[in-house]
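The values are calculated or read from the model by the stated rules, or taken from the named source; none is laboratory data. Every value quoted in this text rests on a predicted model; they were computed, and no experiment measured them. Here the Cβ positions follow ideal geometry from the backbone for every residue, glycine too, while neighbour counts run over all protein chains shown. Calculation scope for accessible area: heavy atoms of the full protein, side chains included, ligands and nucleic acids excluded. Shrake-Rupley method; radii C 1.70, N 1.55, O 1.52, S 1.80 Å.
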Amino acid sequence: MSRKVRIQKSAGGVICREANGQLEVALISPKPEVWALPKGIVEKGEKADRTARREVAEETGLEGEIIDKLGYIEYWYRDPQEKILYHKFVDFFLLGHTGGNLHRHDAEVLSARWYPIQEAIQKASYDTERQMLEKAREAWRKHRTQP
Ligand code: ATP
């Protein structure tokens with residue numbers, strides 16, 4: 001088996017809105033039974049916050065503006081075809097919803113939906129993204145109460 005290891009950098013976003021007095025965030029379903037945050041590869045020369053906005057727009061159909069950086073997650077995965085082991089780092093940003101439409105999400109994404117934050121935390125498939133959603137809830141609360 002090949003021992004090739006490659007670093008991969010992506011960026012994504014927790015896009016937020018308030019509906020009926022509660023925080024809602026958008027999740028995507030990239031494959032059956034999986035719910036995740038929108039994200040994608042950082043292109044050459046692109047800043048991570050720009051990637052986050054672009055990927056949120058492509059994968060959810062929603063537009064947002066960056067409020068803050070939330071942090072990053074990391075994980076390892078193996079591409080079965082390429083026989084490469086990837087060590088992946090994903091920067092996540094908090095975004096405030098400004099427009100767009102969920103129906104315009106990328107055809108590669110099975111579904112894109114708003115979820116109340118608590119439901120999103122339960123629904124999210126990856127532990128690291130669940131933690132990022134907890135961080136987003138706290139950051140949004142602080143952002144909302146700023147004078
Ligand atoms: P990107 O959205 O950055 O373009 P991708 O869609 O090509 O990436 P990933 O979402 O990184 O690929 O998925 C590659 C593998 O890693 C899949 O098997 C997926 O299930 C797994 N994976 C995705 N996110 C996580 C995570 N947060 N923790 C652990 N494994 C993950």
| Residues with beta-carbon under 12 Å from that of Glu108, excluding Glu108: net charge, scoring Lys, Arg +1 and Asp, Glu -1? | -3
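Counting only heavy atoms of the protein chains, get the accessible area per residue of the chain (1.4 Å probe) and round it to a whole Å² value.
Working: 8790 Å² over 147 residues.
For the chain, the per-residue accessible area is 60 Å².
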| task | With a point put 7 Å past each Cα toward its Cβ, work out how far Glu18 is from Ser111 in nm, to one decimal. | result | 2.8
| message | Taking the 0 to 90 degree range and rounding to the nearest ten, how far is the long axis of helix 127-145 tilted relative to the main principal axis of the chain, both from C-alpha atoms? | response | 30
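Relative to the present Cα-Cα distance, how much length would full extension add between Glu74 and Lys31 at 0.36 nm per residue of separation?
Numbers: separation 43, 0.36 × 43 = 15.48 nm, distance 2.01 nm.
Separation in residues times 0.36 nm, less the Cα-Cα distance, equals 13.5 nm.
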| Considering every pair of different Cα atoms, what Kirkwood radius, in Å, is found for segment 17-65? | 12.1
| task | Please say if segment 60-114 is rounded, prolate or oblate, where rounded means a/c under 1.5 for a ≥ b ≥ c the square roots of the C-alpha gyration tensor eigenvalues, and otherwise the choice is prolate for a/b larger than b/c and oblate otherwise? | result | oblate
| query | Under unit Cβ charges (Lys, Arg +1; Asp, Glu -1), what dipole magnitude, rounded to 20 debye, does the chain have relative to its Cα centre? | reply | 420
| said: Helix 48-60 against the longest principal axis of the chain: what's the angle in degrees, Cα atoms only, rounded to the nearest 10? | reply: 80
| remark: Burial-style ranking of 98-108, 136-146, 48-58, average other-beta-carbon count within 10 Å with highest first, yields 48-58, 136-146, 98-108
| message | For the chain, compute Rg over Rh where Rg is the Cα radius of gyration and Rh is the Kirkwood radius from the inverse mean 1/r over Cα pairs. | response | 0.98
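So what's the net charge close to Ile117: Lys and Arg +1, Asp and Glu -1, counting the other residues with Cβ under 15 Å from its Cβ? Kindly include the intermediate steps, with their values, before the conclusion.
Numbers: positive: Arg17, Arg113, Lys123, Arg130, Lys135, Arg137, Arg141, Lys142, Arg144; negative: Glu18, Glu24, Glu119, Glu129, Glu134, Glu138.
Taking every other residue near Ile117 into account, the sum is +3.
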| said: For the chain, what does the helix formula give at 222 nm: sum of -39500 (n - 2.57) over DSSP H segments with n ≥ 4, over the residue count, nearest 500 deg cm²/dmol? | reply: -8500 deg cm²/dmol
